[in-house]
Amino acid sequence: LHLPAHGIPLHAARELLGRDVWIGRSVHSAQEAIVAGEDGADYVFLGPIWETPSHPGRAGLGVDVISAVHGVKVIAIGGVTKRRIHHCLDAGAYGVAAVSSIWEVRDPAAAVRAMLLSLHYDTNNDRSRKR
């Protein structure tokens with residue numbers, strides 16, 4: 001279950017769903033991510049990391065915000081592209097989510113394939129990750 005930044009409290013969702021369901025929350029700062037983790041979130045969507053067309057006028061937090069979060073899995077979102085994935089993972093992100101770089105292209109399947117292949121290629125070259 002993924003909760004919006006100002007959705008129902010995590011403890012209420014946990015009471016309804018139990019411990020076996022992953023519950024996450026959208027957050028917009030390192031402090032919000034840490035609090036969500038303390039409140040029982042299994043993961044957070046943290047962003048926007050970079051400026052993105054889906055949130056016009058909102059400045060990117062920068063990739064360093066990922067490194068400031070401990071105790072909860074971070075999924076980096078906001079301006080994520082094939083070339084930026086590794087910046088997020090190197091900063092400690094558990095994963096990434098991409099919207100505009102997939103939805104706003106002529107061939108979304110090719111965009112996803114290129115992202116996944118970049119991870120496969122990188123893994124085969126033994127690039128170390130903080131995970």
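Structure above, values below:
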read-out	value
Filter result (surrounded by fewer than 18 Cβ atoms within 10 Å (Cβ to Cβ) and either modelled with pLDDT under 95 or within 12 Å of the chain's Cα centre (by Cα) (or both)) within region 64-80	His70, Gly71
Matching residues in region 1-12 - criterion: being open to solvent by less than 70 Å² (accessible area, probe 1.4 Å) and either part of a loop (DSSP other than H, G, I, E, B) or out of contact with any Lys or Arg (no Cβ under 9 Å at 6 or more places or on another chain) (or both)	Ala5, Gly7, Pro9, Ala12
Any hit, region 18-31, residues being more than 28 Å from Glu104 (Cα to Cα), open to solvent by 20 Å² or more (accessible area, probe 1.4 Å), out of contact with any strand residue (DSSP E or B) (no Cβ under 6 Å at 6 or more places or on another chain) and of a type in the set (Phe, Trp, Tyr)	yes
Among (1) open to solvent by 50 Å² or more (accessible area, probe 1.4 Å); (2) among the small types (Gly, Ala, Ser); (3) assigned to a loop (DSSP other than H, G, I, E, B), the one test that Ala41 misses	(1)
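The values are calculated or read from the model by the stated rules, or taken from the named source; none is laboratory data. These figures come from a predicted structure and were not determined experimentally. Methodologically, a virtual Cβ is constructed for each residue, glycine included, from the backbone with ideal geometry; neighbour enumeration extends over all protein chains shown. Calculation scope for accessible area: heavy atoms of the full protein, side chains included, ligands and nucleic acids excluded. Shrake-Rupley method; radii C 1.70, N 1.55, O 1.52, S 1.80 Å.
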